[in-house]
1. If I ask for residues that are of a type in the set (Val, Ile, Thr) and open to solvent by 40 Å² or more (accessible area, probe 1.4 Å), which ones from the range 285-325 would you list?
2. Starting from residues that are in contact with a Phe, Trp or Tyr (Cβ under 8 Å, 6 or more places away or on another chain) and of a type in the set (Asp, Glu), keep the ones in the range 103-126 and report whichever is least open to solvent (accessible area, probe 1.4 Å).
3. Run down Phe232, Phe242 and say which single residue is touching a residue at least 24 places away in the same chain (Cβ under 8 Å), out of contact with any Lys or Arg (no Cβ under 6 Å at 6 or more places or on another chain) and under 24 Å from Cys172 (Cβ atoms).
4. Report whether or not Thr102 is under 29 Å from Ala173 (Cα atoms), part of a strand (DSSP E or B) and touching a Lys or Arg at 6+ places or on another chain (Cβ under 7 Å).
5. Being in a strand (DSSP E or B) and farther than 22 Å from Asp320 by Cα is the requirement here; does Leu122 meet it?
6. Could you check Gln143 against (1) in contact with a Leu (Cβ under 7 Å, 6 or more places away or on another chain); (2) of a type outside the set (A, V, I, L, M, F, W, C); (3) open to solvent by 30 Å² or more (accessible area, probe 1.4 Å) and say which number it fails?
7. Among the residues of the range 148-155, are any open to solvent by less than 10 Å² (accessible area, probe 1.4 Å), on the phi < 0 side of the Ramachandran plot and among the aromatic types (Phe, Trp, Tyr)?
8. Select, from Arg36, Arg4, the only residue that is modelled with pLDDT under 95 and touching a Phe, Trp or Tyr at 6+ places or on another chain (Cβ under 7 Å).
Amino acid sequence: SSLRLLLEGRLLEKHQNLASAGVKDDCSVEIVKDQRLVLTASHDGTAKIWRADDGKCVRTLSGHSNAVNAARFSSSGLYVATASLDQTAKLWMVSTGNCEATLHGHTGSLVSVDFSPDDALLVTASSSDNSGRIWNLQSMACQTILAGYELNSARFTADGWKVLTACSWYDCALLWCAKTGNILQRFAPHDAAVLHSCVSHDASTVATATWDGALILWWAETGQLRRRLTGFGEKSKVYAAFSPDDQHVVSAGINHVAQIWSIEAVGASPMTLSGHGNTVTSAEFSGDGIWVVTGSYDGTAKIWDSVTGETLRTLKGHSDSVRSVCFSR
């Protein structure tokens, strides 16, 4: 568990003090001790919230009419967003499990969802209707459309002004302006479909994971190649995420394992997390970097020690594949 400061429902950033956040001398401040949570999304049509410390499921989010392909916590930890094969995204209250809103507008199945850092916006992506949509969470209206590409993932950058997408069969990743929907940068070439992309917390580096097993780093500002972490002829990489300190990347692959790669240690072998019985669909670090959570087509999620590679807990409860996992922030 950890201590967090919330001001009007928004999480104070690590660099902020009370004065810079707008707290006056006569204001009252509530300190909330919260538990570290894990969120899973499944093809069984539900998302589940688990306590990371003991692996107990504390909430099941039911309401979609088809598979849930992705789910994310808001930065404040108060809400969850889910994206589904039923062409909708939903917003849920973590404390109650109630659905607060359903977002309609896509004409194809949704594969990705993410909150902006200030929780004011939500981005959804579809690989079927060739678009991403950015939603204003105050009005629940779509304010920007990212058009023209088959999108496999979408993530806000740390400043909330840009969105990074993996453009699957276009063999590239694209950086978009969240306000205008204009393309700002292209990350290419790749030799195969880009299945996932992510941006480092310091916004300097983009990582792409591809169908031919490549895990590639790019300079975010210029779009130039930084380095390739993998060799050639590897199994498909379907997901990638940076560690909180941006020194490592965890990848998920169809060869039933996740791997933790050092960004600076050129030529170093990755740490392999073995234990799933099918494709590992996603992998994410905890906020302090000491744990990794993975999800798999075997219907489970696992929590790992990121230093030793030891399996700490296995989360069982879904009746179908686990498509997406993440920790509360």
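The values are calculated or read from the model by the stated rules, or taken from the named source; none is laboratory data. This one's a predicted model, so the numbers in the text were calculated from it and none came from an experiment. No Cβ is skipped: glycine too gets one built from the backbone with ideal geometry, and neighbour counts run over all protein chains shown. In case anyone asks, the SASA skips ligands and DNA or RNA and just uses the protein heavy atoms, side chains included. Shrake-Rupley method; radii C 1.70, N 1.55, O 1.52, S 1.80 Å.
1. Ile290, Val307, Thr308, Thr311, Thr314 - these are the residues of the range 285-325 that are of a type in the set (Val, Ile, Thr) and open to solvent by 40 Å² or more (accessible area, probe 1.4 Å).
2. Restricting to residues being in contact with a Phe, Trp or Tyr (Cβ under 8 Å, 6 or more places away or on another chain) and of a type in the set (Asp, Glu), the top hit is Asp114.
3. Values: Phe232 fails: touching a residue at least 24 places away in the same chain (Cβ under 8 Å).
Matching residue, one of Phe232, Phe242: Phe242.
4. Yes; evaluated as a whole, the condition is true for this residue.
5. On the way: in a strand (DSSP E or B): yes; farther than 22 Å from Asp320 by Cα: yes.
Against the criterion (in a strand (DSSP E or B) and farther than 22 Å from Asp320 by Cα), Leu122 qualifies.
6. (1)
7. No, the range 148-155 contains no residue that is open to solvent by less than 10 Å² (accessible area, probe 1.4 Å), on the phi < 0 side of the Ramachandran plot and among the aromatic types (Phe, Trp, Tyr).
8. Matching residue, one of Arg36, Arg4: Arg36.
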